[in-house]
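Read-outs: derived from the displayed coordinates by stated rules, not from any lab. Everything quoted here is computed from the prediction, not taken from an experiment. Note that each Cβ is placed from the backbone with ideal geometry, even for glycine, and that neighbours are counted across all protein chains shown.
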Amino acid sequence: MAARLVKVDPFDLVVFGGTGDLARRKLYPALFHRECSGQFSEPTRIIGVSRRGLERDAFRGGVKDALTKFNALDDAPSGCLERFLARLDFVAADAMNDAGWPELREKLGPDERIRAFYLATSPDLFCPIAERIGAEGLATERSRIIVEKPIGRDGASAAAINNDIGSVFSERAIFRIDHYLGKESVQNLMALRFANALLEPVWNNAHIDHVQITVAETLGVEGRGAYYDESGAIRDMVQNHMLQLLCLTAMEPPNSMDADALRDEKLKVLKALEPIDEGAAAAETVRGQYRAGFADGTPVPGYLHDVGRRESMTETFVAMKVKVANWRWAGVPFYLRTGKRLPQRFSEIVVGFKRVPHVIFEMHSDSIPANRLVIRVQPDEGIKLWMMVKEPGPGGMHLVHLPLDMSFAKAFGMASADAYERLLMDAIRGNAALFMRRDEVEAAWRFIDPIRAAWTAMREPPRPYAAGTWGPNASVALIERDGRAWNEDAHDAE
Ligand code: BG6
């Protein structure tokens with residue numbers, strides 16, 4: 001099935017951090033794929049900016065190397081690479097002084113085409129770069145700025161960044177990326193909920209027992225130790241990706257797909273999260289830190305070795321029980337779990353329904369597992385609805401638990417596009433639906449900040465777990481205490 005293609009108007013994309021890891025690993029491959037699909041209109045330009053002085057040809061060579069290294073050239077139609085490289089230009093500029101800015105201004109010219117500034121840099125450069133863009137008069141009517149998470153380290157620093165960027169760009173021109181929102185299966189969650197009348201009547205505390213959200217990774221900190229040790233799993237994954245998944249699962253139906261209609265509903269969920277204070281943190285959160293163990297069968301060192309420190313209080317695993325205090329969700333716990341160096345890489349949302357109220361079969365009611373809807377975000381994106389069915393054959397009613405199983409790759413005969421392809425094109429078009437609004441980011445921090453403060457006050461180090469295991473035992477206890485268990489079915493899929 002061919003994907004529908006809507007061309008975007010000509011644009012200039014200026015990538016700050018243009019020779020950095022994010023640009024090379026994610027942005028250029030995503031842009032290249034959009035080039036190959038024929039989505040760009042002429043004349044579109046991509047201008048890399050970095051402090052390093054580089055000739056344009058050397059920059060183009062570096063981008064070509066990145067496309068090769070990250071497998072973007074496999075199966076590329078002929079002529080596509082040449083077309084893409086011809087769009088690339090480079091300016092050496094420094095956020096902290098005047099160097100390079102006149103050249104950038106001259107390159108951009110008075111042109112009134114769409115202009116997007118992508119800040120693929122360290123977050124401490126967000127404000128200086130935004131201010132420079134403003135001072136140099138580069139922020140035109142049709143300009144937008146795209147920033148990556150993390151937006152701040154806490155509520156106060158996020159507000160400061162938002163204020164600074166907001167003094168140059170209006171909120172509708174600021175695109176804050178949470179790349180989970182660009183994942184096909186995350187958008188499918190909205191299709192599942194709001195394009196099917198079947199689910200809405202049961203999507204509440206009368207029928208749902210609990211929800212689980214797991215984002216498991218096999219990787220460790222992968223050379224990002226300096227950033228990660230200052231961040232930890234709660235800032236790196238929970239404040240953004242996991243809370244966004246929770247919002248899309250729990251929000252009320254928006255009245256349209258309009259960006260603000262959608263974000264208003266997500267914001268209401270964030271505001272309804274029951275605060276976890278010091279009293280609740282010990283019982284409702286679990287922190288872990290990986291030790292030496294195995295990743296994909298190979299021995300790997302522990303976290304302290306990876307970040308080159310003798311000790312660290314930074315968590316690489318978090319599990320927590322979260323409550324959404326409103327009519328729809330009262331009494332339905334949301335269990336969140338994320339970690340590095342776990343046995344498998346997968347992300348999923350599990351909606352656990354209530355058990356049957358009365359059993360007519362010759363079996364214990366406990367032996368009839370409840371229905372479960374598993375939304376597999378990655379890999380093998382799809383949806384499974386676990387149901388009880390009769391095992392064929394004579395000899396009485398033997399019931400088994402089996403899934404209605406829909407794999408998107410099989411259904412559509414194609415793999416999902418990378419999240420950045422969708423997000424970049426949406427930012428160019430000015431569609432902010434899949435980007436975080438300022439108040440969402442700050443509301444998410446208002447939930448996270450007290451948890452971090454509670455952990456600091458508790459002064460307990462994160463619990464150790466061996467690389468290649470499912471985190472500290474306390475994470476299992478967190479859910480089992482409530483008579484529930486983490487979903488195991490996904491784990492035989494890989
Ligand atoms: C990033 C985090 O936002 O998401 C990383 O900073 C994490 O630590 C990554 O590895 C996970 O993304 P994905 O798309 O691989 O699930």
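Points worth noting:
- Couplings for region 84-90, taken from phi via the Karplus curve 6.51 cos²θ - 1.76 cosθ + 1.60 with θ = phi - 60°, read 5, 4, 5, 7, 7, 9, 9 Hz in order; Gly and Pro are left as x.
- Interchain or long-range residues, amide H under 5 Å from Ala99's placed H: Asp94
- A simple rule links phi to the HN-Hα coupling: the Karplus curve 6.51 cos²θ - 1.76 cosθ + 1.60 with θ = phi - 60°, which for region 191-206 gives 4, 4, 6, 10, 10, 10, 6, 4, 7, 3, x, 9, 8, 6, 6, 6 Hz, with x for Gly and Pro.
- 27 Å Cα-Cα threshold exceeded, pairs from Lys340/Lys410; Lys64/Lys107; Lys69/Lys340: Lys340/Lys410
- Compactness of region 104-187, taken as the C-alpha radius of gyration over 2.2 N^0.38 Å, stands at 1.15.
- For Thr249, net neighbour charge (Lys/Arg +1, Asp/Glu -1) across residues whose Cβ lies under 12 Å away: 0
- Spatial separation of Cα centroids for region 209-261 and region 442-472, in angstrom: 15 Å
- Under 5 Å, built H, 5+ apart or other chain: amide partners of Gly293: Val300, Ala467
- Semi-axes of the equivalent ellipsoid of the chain are 41, 26, 23 Å, computed as sqrt(5λ) over the eigenvalues of the C-alpha gyration tensor in descending order.
- Semi-axes of the equivalent ellipsoid for region 144-279, Cα gyration tensor, largest first, Å: 27, 21, 16
- Inter-part distance where region 48-88 and region 317-353 are each reduced to a Cα centre, Å: 40 Å
- Applied to region 136-149, the Karplus parametrisation 6.51 cos²θ - 1.76 cosθ + 1.60 on θ = phi - 60° returns per-residue 3J(HN,Hα) values of 7, x, 8, 7, 7, 3, 9, 9, 9, 10, 10, 10, 9, 5 Hz, with x for Gly and Pro.
- Residue pairs, from the table Lys323/Lys354; Lys271/Lys321; Lys149/Lys384, whose Cα atoms sit over 19 Å apart: Lys149/Lys384
- Among the trypsin sites (Lys or Arg not before Pro) found in region 270-333, those both in a DSSP coil and sparsely packed, with 16 or fewer other Cβ atoms within 10 Å of their Cβ, are Arg309, Arg310, Arg328.
- With distances taken between every two different alpha-carbon atoms, region 139-197 has a Kirkwood hydrodynamic radius of 13.6 Å.
- Inverse of mean 1/r across different Cα pairs in region 11-86, Kirkwood, Å: 12.6 Å
- Three-way shape call for region 378-483 based on the alpha-carbon gyration tensor, with the a/c threshold at 1.5: oblate
- Gyration tensor (alpha-carbon) shape descriptor, region 430-485, a/c threshold 1.5: prolate
- Converting the Cα gyration tensor eigenvalues of region 300-441 into ellipsoid dimensions via √(5λ) gives semi-axes, longest first, of 36, 24, 20 Å.
- Three-way shape label, region 278-360, alpha-carbon gyration tensor, a/c 1.5: oblate
- Over the residues of the chain, the helix contribution to mean residue ellipticity at 222 nm works out to -9500 deg cm²/dmol, using -39500 (n - 2.57) for each DSSP H run of at least 4.
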